[in-house]
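Below is one structure, written out as structure tokens; comments come after it.
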Amino acid sequence: DTLAPTDSSSTGSSSTDSAFARDVLRGLSQPRKTIPARYFYDMRGSELFEAITRLPEYYPTRTEIALLTDHADDLARLAGRGRTVVEFGAGSAAKTPLLLQATDAGTYVAIDISGDYLVQSLKALTHRIPGLCAVPVVGDFTEPLQLPPLAGPLTGFFSGSTIGNLDHRGAVDLLRSFRATLGPDARLVIGIDTRKNPHLLEAAYDDAAGVTAQFNLNLLHRINRELGGTIPVASFEHRAVWHDGHGRIEMHLVALSDVAFTAAGQRFSMRQGETIHTENSHKYTPAEARFLARASGWEPLAMWTDKAELFSLHVWSA
Ligand code: AVI
């Protein structure tokens, strides 16, 4: 049973387009050029991200799936049985059913910016779990958001270490807002990528088949497609570097020669070697992750990792 989508935001798609133009203009005008990572995910970018999750070097997805599978009983005990599950993001076909079935959830609420993707993925989900009441909420979960009336207490789900794409302050603010959105006696099931050998991290973000490079470069194609850009994409290269002080992998697009181009109606130039910083992916030791929980008003209840401590799955209590 899938209900009609609720639009929790006040912004339509044309204002989303102008937000893209505004953020690109702002980011490319900085002395250190940057573009927010959320603009990776147009149709092509989402397909490329799906392909990334299946790469041999990209361990997070399969490791998190194994953790959800191996700890299903403990998850149900700690995250609560028969609760409404609220997922921040449309949900992965491989992970969401594991949590819903482990906890015997009756109602599932998915919040995602893409209405079409949401309706499509909820249709597949209700086919797989007959009797599940699925509620799509179209909106940006990084903005203040009003859920439809739901019987609490609620269990939130935030998988894939998406929290790592925010800086530390942004992560604390977001986790705090999840706590406010979910209400009293909430639980949060959250997947967080761990700090590890930088060689493994750099391989995961610069794979041999070049899929992550295509994912990063697609942002330039997207600017050309949607904002009338003239960026010479072949003059850019993907780079992924570990920054130990910040505890994060940084993705950049490096200019291979001096370049000049137009984007969103403005002229820009870059020197050879200059970069556009496109993504941060922060990694947290288990202790740092628990610190993140407490700093944002959550109480850590449990944490599981695989043997090699590649990835961690946590349950927190409000
Ligand atoms: C979505 N997010 C958690 C991914 C990550 O690992 O930071 C995005 C990604 N970027 C390159 N590869 C995957």
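What follows is calculated from the coordinates using simple rules that are stated; it is not laboratory data. This one's a predicted model, so the numbers in the text were calculated from it and none came from an experiment. No Cβ is skipped: glycine too gets one built from the backbone with ideal geometry, and neighbour counts run over all protein chains shown.
Structural remarks
- With respect to the chain, whose longest principal axis is taken over its alpha-carbon atoms, helix 115-128 is tilted by about 40°.
- Using C-alpha pairs below 8 Å separated by at least 6 residues, the relative contact order for the range 138-261 is 20 percent.
- Percentage relative contact order, the chain, counting C-alpha pairs under 8 Å, at least six apart: 21
- Distance from the Cα centroid of the range 238-256 to that of the range 73-103 is 33 Å (rounded to whole angstrom).
- With helices as the sole contributors, the chain gives -11000 deg cm²/dmol at 222 nm; each DSSP H run of n ≥ 4 counts as -39500 (n - 2.57), and the sum is divided by every residue.
- Estimated vicinal HN-Hα couplings, Hz - the range 232-244 in sequence order (Karplus 6.51, -1.76, 1.60; Gly, Pro = x): x, 4, 5, 8, 10, 9, 6, 9, 10, 10, 7, 10, 5
- Basic side chains Lys and Arg get +1 at the Cβ, acidic Asp and Glu get -1 at the Cβ, and with that the dipole of the chain about its Cα centre reaches some 340 debye.
- Above-threshold pairs, the threshold being 30 Å between Cα atoms, out of K123/K307; K95/K196; K123/K196; K123/K283: K123/K307; K123/K196; K123/K283
- Rounded to the nearest 10 degrees, the inclination of helix 13-28 to the longest alpha-carbon principal axis of the chain is 50 degrees.
- Taking θ as phi - 60° and the Karplus parameters 6.51, -1.76 and 1.60, the scalar couplings of the range 97-105 work out to x, 4, 6, 4, 6, 4, 9, 6, 6 Hz in sequence order, x denoting glycine and proline.
- Most mobile listed residue (V85, V233, V241) in the chain, GNM with C-alpha springs under 10 Å: V233
- The label point for A308 and the one for D185, both projected 7 Å from the Cα toward the Cβ, are 4.1 nm apart.
- Residue with peak Gaussian network fluctuation, the chain [Cα springs, cutoff 10 Å], from H282, H199, H246: H199
- Separation between Cα centres of the range 272-299 and the range 152-204, rounded to whole Å: 9
- In Hz, Karplus ³J(HN,Hα) per residue of the range 162-172 (6.51, -1.76, 1.60; θ = phi - 60°; x = Gly, Pro): 4, 4, x, 7, 9, 6, 4, 5, x, 5, 4
- Segment H199..R271, full-extension length gain: 23.1 nm, with 0.36 nm per residue of separation and the alpha-carbon distance subtracted.
- Modelled label reach - Q120, point 7 Å along Cα→Cβ, the range 42-72 residues with backbone N closer than 20 Å: 42-55
- The charge dipole of the range 206-318, taken about its Cα centre with unit charges on the Cβ atoms of Lys, Arg (+1), Asp and Glu (-1) only, comes to about 240 debye.
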